[in-house]
Amino acid sequence: MQSSTAVTTHDRYYVPAPSIWPIVGSVALLTLAAGFVLLLQKVSAGAYIMGLGGIILAVMLVGWFGNVIRENVAGLFNDQVDLSYRWGMGWFIFSEVMFFGALFSALFYSRFWTIPVLGHTPLLWPGFIPDWPNAGPAAKEAFQPMHAWGIPAINTLILLSSGATVTWAHWGLKRNNRMQVKIGLALTILLGVVFLFLQAHEYMSAGFTLKTGIYGATFYILTGFHGAHVTLGAIMLSVILGRVMAGH
């Protein structure tokens with residue numbers, strides 16, 4: 001016997017269909033990493049493999065974003081899905097805090113523990129001066145360290161400003177002020193692009209490389225992953241801006 005009460009999408013527990021995009025994303029990241037390792041070893045194919053990984057990643061982003069947008073426009077999402085997305089983003093941010101916490105811990109361990117200890121081993125490394133910045137006792141070539149002021153300070157200010165603009169856009173969204181949302185998102189994306197441009201300039205003018213001992217390795221790993229996060233964040237905000245422009 002059929003019930004007379006209408007069942008809407010808000011009354012159902014929505015379970016998304018199985019998706020291939022997480023697997024595609026994993027293949028993209030593996031391809032990018034493999035190409036980067038080959039590039040470090042000066043294998044000419046490394047650049048092409050990295051390019052292939054970038055293409056696969058772009059396909060994954062378009063496909064995955066498209067699926068989510070179509071499901072949302074179709075009215076399939078309800079409060080349960082909204083809560084799931086919020087919890088998912090919360091755990092993602094927690095994992096990022098732990099990820100960068102581990103990288104910063106490696107930096108502080110090298111600076112305040114490893115380098116001083118090596119300075120007290122004159123039989124192993126005679127003449128080694130345990131000051132910082134330091135590439136380690138095995139590094140023989142001199143290098144020019146990155147100073148805190150200049151581009152690093154400017155990029156820090158840009159990131160703080162982008163946090164203000166995206167928060168302003170969020171306030172506009174809560175007040176249903178779509179023009180404020182558009183302007184806030186556009187400003188945030190612009191600040192992210194400027195950040196990436198300055199970081200690329202910083203890399204090209206740096207007086208050291210990824211192979212400059214512990215200093216170069218920790219610098220490029222930390223800032224490189226940070227730049228990757230800003231890149232993906234700018235892409236995601238661009239998708240959101242496009243949806244706002246489309247009236248979603």
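For region 49-104, a residue qualifies if it is aliphatic (A, V, I, L, M) and either in contact with a helix residue (DSSP H, G or I) (Cβ under 6 Å, 6 or more places away or on another chain) or not in a helix (DSSP H, G or I) (or both), and the qualifying residues are ILE49, MET50, LEU52, ILE56, LEU57, MET60, ALA74, LEU76, LEU103.
For the criterion of being within 19 Å of the chain's Cα centre (by Cα) and either modelled with pLDDT under 90 or under 21 Å from GLY25 (Cα atoms) (or both), TRP91 passes. Figure legend. Inter-residue proximity from region 41-57: first residues under 17 Å from VAL27 (Cβ atoms), second residues surrounded by fewer than 17 Cβ atoms within 10 Å (Cβ to Cβ) and of a type in the set (Gly, Ala, Ser), beta-carbon distance below 7 Å, spacing 6+ or different chains. Indicated pairs: ILE49/ALA34. Can you tell me how many residues in region 10-63 are among the hydroxyl-bearing types (Ser, Thr, Tyr), at pLDDT 95 or above and within 30 Å of GLN80 (Cβ to Cβ)? Matching residues across region 10-63 total 1.
Of the set (1) out of contact with any Phe, Trp or Tyr (no Cβ under 9 Å at 6 or more places or on another chain); (2) not assigned by the TED database to the domain that holds VAL27, all apply to LEU57 but (2). Looking only at region 38-58, how many residues end up being aliphatic (A, V, I, L, M), open to solvent by less than 80 Å² (accessible area, probe 1.4 Å) and within 20 Å of LEU232 (Cβ to Cβ)? Going through region 38-58 one residue at a time, the tally reaches 4. Of all residues in region 202-219, those being closer than 20 Å to PHE112 by Cβ and not in a loop (DSSP other than H, G, I, E, B) number 7. Checking each residue in region 176-186 for being in contact (Cβ under 8 Å) with a residue 24 or more places away in the chain and open to solvent by 20 Å² or more (accessible area, probe 1.4 Å) picks out ARG178, LYS182, ALA186.
Only one entry of VAL230, VAL194 meets the criterion of being touching a residue at least 12 places away in the same chain (Cβ under 8 Å), open to solvent by 40 Å² or more (accessible area, probe 1.4 Å), within 30 Å of PHE108 (Cα to Cα) and part of a helix (DSSP H, G or I), and that entry is VAL194. Filtering region 72-123 to residues that are more than 28 Å from ALA228 (Cβ to Cβ), in contact (Cβ under 8 Å) with a residue 12 or more places away in the chain and open to solvent by 80 Å² or more (accessible area, probe 1.4 Å) leaves VAL73, ASP79. Looking only at region 162-175, decide whether some residue is farther than 21 Å from GLY224 by Cβ, modelled with pLDDT of 85 or more and not in a helix (DSSP H, G or I). Yes - at least one qualifying residue is present in region 162-175.
The values are calculated or read from the model by the stated rules, or taken from the named source; none is laboratory data. What you see is a predicted model, and the numbers here were worked out from it, not measured in a lab. With ideal geometry, Cβ positions are generated from the backbone for all residues, glycine too; neighbour counts draw on all protein chains shown. Heads up: the accessible areas ignore ligands, DNA and RNA and are worked out on the full protein's heavy atoms, side chains in. Shrake-Rupley method; radii C 1.70, N 1.55, O 1.52, S 1.80 Å.
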